[in-house]
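The values are calculated or read from the model by the stated rules, or taken from the named source; none is laboratory data. The structure presented is a predicted model; accordingly, all values stated were derived computationally and were not measured. Glycine gets a Cβ as well: all are built from the backbone with ideal geometry, and neighbour counts include every protein chain shown. All accessible areas refer to the heavy atoms of the entire protein, side chains included, with ligands and DNA or RNA removed. Shrake-Rupley method; radii C 1.70, N 1.55, O 1.52, S 1.80 Å.
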Amino acid sequence: MRSFELYTSGRDSMTDITKQIREAIRESRVDEGYAIVYCPHTTAGIAINENADPDVVRDVLRRLDEVFPWHHKEDRHAEGNTAAHLKAMYTGTSQTVLIQDGKPILGTWQGIYFCEFDGPRTRRFMVKVVAG
């Protein structure tokens, strides 16, 4: 298993980690199988989506704010970051990526993102590559 660290620069951000996933797969020397990308944080997640147009990331973050507003009169969580927890639950803590010929199988426009919802912070994510 490989662990990566990154620093997120804003409260909400999506960082393209596709390069790190490719690196972990390459280092594993697995030709066929899958990689699990996992986030061990309760206010961050992992997503696969378009990485060609930066407007997609901006739109996704804006729409998540609309669905899960940062301030809500009914929220009781003492830290005041209930929206971050909800966004992380919605996004999910992991993604599974198939591997073929030693490379992740991704669509033409797809990338893998670390999604920060309570930054800025130093975060980590793990990649487990499994032959199969």
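See the values below:
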{"quantity": "The chain: angle of helix 18-28 to the longest principal axis, Cα-based, in degrees nearest 10", "calculated": "40 degrees"}
{"quantity": "Non-local Lys pairs in the chain, i.e. 8 or more apart or on different chains, that have alpha carbons under 20 Å apart", "calculated": "4"}
{"quantity": "C-alpha long axis of helix 54-67 to longest principal axis of the chain, angle in °", "calculated": "40 degrees"}
{"quantity": "Euclidean distance between Cα centres, the range 1-53 to the range 87-110, Å", "calculated": "8 Å"}
{"quantity": "Probe 1.4 Å, accessible area per residue of the chain, Å²", "calculated": "59 Å²"}
{"quantity": "Using alpha-carbon coordinates, inclination of helix 82-91 to the longest axis of the chain, degrees", "calculated": "30 degrees"}
{"quantity": "Environment charge at ALA52 (Cβ cut-off 14 Å; Lys +1, Arg +1, Asp -1, Glu -1)", "calculated": "-4"}
{"quantity": "Protection proxy ranking, peptides 104-112, 43-51, 91-99, average beta carbon neighbours within 10 Å, highest first", "calculated": "43-51, 91-99, 104-112"}
{"quantity": "Per-residue [θ]222 nm for the chain (sum of -39500 (n - 2.57) over DSSP H runs n ≥ 4, rounded to 500)", "calculated": "-8000 deg cm²/dmol"}
{"quantity": "Those trypsin sites (Lys or Arg not before Pro) in the range 71-132 that DSSP places in a loop and that have at most 16 other beta carbons within 10 Å", "calculated": "LYS73, ARG76, ARG121"}
{"quantity": "Accessible-area composition of the chain, carbon plus sulfur, in percent [1.4 Å probe]", "calculated": "49 percent"}
